[in-house]
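Novice: Before I ask anything, let me first share the structure, which is written out below as structure tokens.
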Amino acid sequence: MGGQTEYAFHFMKEKIISGTFKPSQKLTEIELAKMVGVSRNTIKKALMMLERENLVEVKSNKGAIIKSFSFEEIINYLEIREVLEGLVARSAARNIGDGDIEKLEEFLREMKTQLQEHRFDEYSRLNREFHNVIYSASKNTEAVAMIYTIKTQLNQLHYRTILVPGRTRDSYEEHERILEAIKAGKEKAAEDAIKEHVANVRRTIVENYFILA
């Protein structure tokens, strides 16, 4: 993958995940080339990569359309993620080292501080880092790769769940239970705790979909 293609790919991916590019929005190669500052051929290659990640739909002579997921698709993806996260948490509880435990504890302390100061953007960043430590500790790399794909596709919607009153505090308490189980090496408890966490994310989206979408 060439440097310019990689740059264009990451540039557009960030725009999709951040919500700058909206679901169902149409973009042409000419517009994208001017925006990114690369050739149309480079944009074409980058769009093919984004299509493989299910973030855009590319149609011949019609440019690209930002992928839009139906309510049913979103719920299905979250149900799949719940199962995958359980497998990963089991593996992490079995294999995690003291250094990663310390990282989880530090992230959780920082999450509490950001929650108290109502800095929800920073809380979300730390939340992602917390989960990344668990992923890196897991030996089930295939499940982790699938989780990253799902999270990338639904990141914008998932991020907005922090706007739902009470959700961030509930999230913090869920992470406490996840850490407790993983630290104790209790595989089933870790699986149950993280599956409950993802299930609650799904429930929040279901109950507030028309506000969040």
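Laboratory data are not the source of any read-out in this text; all were calculated from the coordinates shown. This is a predicted model, so every value here is computed, not measured. Note that we place each Cβ from the backbone using ideal geometry, even for glycine, and neighbour counts take in every protein chain shown.
Novice: Which value, in debye to the nearest 20, describes the size of the charge dipole of the chain about its Cα centre when Lys and Arg Cβ atoms bear +1, Asp and Glu Cβ atoms bear -1, and nothing else is charged? Display every interim value, and only then the final one.
Specialist: Details: 33 positive and 33 negative charges, 181 e Å.
Using Cβ point charges on Lys, Arg, Asp and Glu, the chain gives about 860 debye.
Novice: Would you work out which of Leu27, Leu47, Gln4 lies farthest towards the positive end of the dipole of region 2-58? Charges go on Cβ: Lys and Arg +1, Asp and Glu -1.
Specialist: Leu27
Novice: Hey, what angle do you get for helix 71-95 against the long axis of the chain, alpha-carbon based, 0 to 90 degrees rounded to 10?
Specialist: 50 degrees
Novice: Based on the Cβ-Cβ distance of Ser136 and Glu14, what FRET efficiency does E = 1/(1 + (r/R0)^6) give at R0 = 25 Å, to the nearest 0.05?
Specialist: On the way: r = 22 Å, r/R0 = 0.89.
Step by step, r from the Cβ atoms, then E = 0.65.
Novice: Could I ask something else about it? Using a 7 Å offset from Cα along Cα-Cβ at Arg40, what residues in region 1-32 end up with backbone N under 18 Å from the label point?
Specialist: 5, 26-32
Novice: Tell me which of Tyr123, Leu157, Ala93 sits at the most positive position along the dipole axis of region 76-194, charges placed on C-beta atoms (Lys, Arg +1; Asp, Glu -1).
Specialist: Of the candidates, Leu157 comes out farthest on the positive side.
Novice: Given springs between every Cα pair under 10 Å in a Gaussian network model of the chain, which of Lys62, Lys112, Lys186 has the largest fluctuation?
Specialist: With Cα springs under 10 Å in the chain, the top fluctuation among Lys62, Lys112, Lys186 is at Lys62.
Novice: Order of 90-96, 170-176 by packing, highest average Cβ count within 10 Å first? Provide the component values of the computation, followed by the final result.
Specialist: Numbers: 90-96: 21.3, 170-176: 16.6.
In descending order of packing, they fall as 90-96, 170-176.
Novice: Which chymotrypsin sites (Phe, Trp or Tyr not before Pro) in region 46-122 pass both tests, a DSSP loop state and at most 16 other beta-carbon atoms within 10 Å?
Specialist: Numbers: sites: Phe69, Phe71, Tyr77, Phe107, Phe120; in loops: Phe69.
Those that pass, being in a loop and sparsely packed, are Phe69.
Novice: Right, here's the next one. Could you tell me how many degrees, from 0 to 90 and to the nearest 10, lie between the Cα long axis of helix 141-159 and the main elongation axis, the longest principal axis, of the Cα atoms of the chain?
Specialist: 70 degrees
Novice: Residue by residue through region 178-191, which ³J(HN,Hα) values in whole Hz follow from phi under the Karplus form 6.51 cos²θ - 1.76 cosθ + 1.60 (θ = phi - 60°), with glycine and proline marked x?
Specialist: Per residue, the Karplus-derived 3J(HN,Hα) values read 4, 4, 4, 5, 5, 4, 7, x, 8, 4, 5, 5, 5, 4 Hz.
Novice: Take region 90-140, drop everything but the C-alpha atoms, weight them equally and run the Debye formula without solvent; then report log10 I(q)/I(0) at 0.21, 0.26, 0.32 Å⁻¹ to two decimals.
Specialist: Taking Cα atoms of region 90-140 as identical point scatterers yields -0.69, -0.89, -1.12.
Novice: OK, next. Structure shown: which of Lys22/Lys139; Lys15/Lys59; Lys151/Lys183 lie over 28 Å apart, alpha-carbon to alpha-carbon? Please report the intermediate quantities before stating the final value.
Specialist: Details: Lys22/Lys139 35 Å; Lys15/Lys59 20 Å; Lys151/Lys183 25 Å.
Correct reply: Lys22/Lys139.
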